[in-house]
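Here's the structure, in structure tokens; my notes come after.
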Amino acid sequence: MDDSKPLKVRLTFSVILVGISLLFAAVVSDHWAVLSPKVEEFNATCEAAHFGLWRLCTKRIYVQEQGPKEKGCGPISLPGDHNCSYFKHFTPGETSEIFEVTTQKEYSISAAAIAIFSVGFAIIGTICVLLSFRKKRDYLLKPASMFYTFAGLCIIISVEVMRQSVKRMIDSEETVWIEYSYSWSFACACAAFVLLFVCGIALLLIALPRFPQNPWETCMDAEPEH
């Protein structure tokens with residue numbers, strides 16, 4: 001038996017916990033993308049927006065004269081009146097003009113649903129790893145590694161759905177948004193994918209039985225003939 005295997009599992013699990021933390025931060029936060037309309041005049045207010053999987057937040061920002069390349073409203077970090085509301089397709093009492101287009105609703109619902117699957121896979125994988133710390137339950141590491149890999153794949157699919165949603169929104173003539181950027185929640189989701197996917201594969205390799213390095217190891221492990 002490989003004496004370093006428990007240490008490898010714990011180190012890999014520590015990195016996986018970082019990935020799960022980033023995953024939760026991305027799912028619950030509202031800074032996946034930042035949208036900005038075209039600014040027609042200065043010394044006035046404009047409305048920028050940032051949103052996540054569940055909510056849309058708008059901010060009225062006072063616009064001062066910008067550089068020749070700066071045509072949008074923002075940055076979103078500037079002070080202003082801040083208002084957040086959940087998407088109408090999640091809470092019927094709320095309204096959101098940005099996501100009233102049917103296509104955008106479908107993208108938003110799909111990204112949120114896939115992200116929930118990712119969280120579910122991560123939770124199940126963590127339960128398997130914790131149970132594997134007990135004696136003679138190393139077999140749980142293999143399904144745990146697959147659950148973490150699935151969690152990573154789901155969150156990157158959610159990221160791609162969100163990216164396509166933002167692209168279609170900018171290209172659509174029904175919206176006033178001309179500029180967009182991806183924010184820290186988007187980066188957290190991408191980082192979570194890398195950590196969960198890579199560490200899921202690493203955990204699987206650790207869980208696999210060690211191959212004999214020399215031919216006589218197999219002979220020595222064989223049962224004697226009677």
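Output the peptides 181-194, 128-141 sorted from most to least packed, where packing is the average of other Cβ atoms within 10 Å over each peptide's residues. Spell out each step's value before the answer.
Details: 181-194: 19.1, 128-141: 14.9.
Ranked by mean Cβ neighbours within 10 Å, highest first: 181-194, 128-141.
Describe numerically, in nm with one decimal, the distance between label points set 7 Å from Cα along Cα→Cβ at ASP171 and at ASN83. Taking the simple label geometry, ASP171 and ASN83 are separated by 3.1 nm.
All of the numbers you see were taken from the coordinates with simple rules; none came from a lab. Quick caveat, the model's predicted, so the values are computed rather than measured. Cβ: placed from backbone, ideal geometry, glycine included. Neighbour counts: every protein chain shown.
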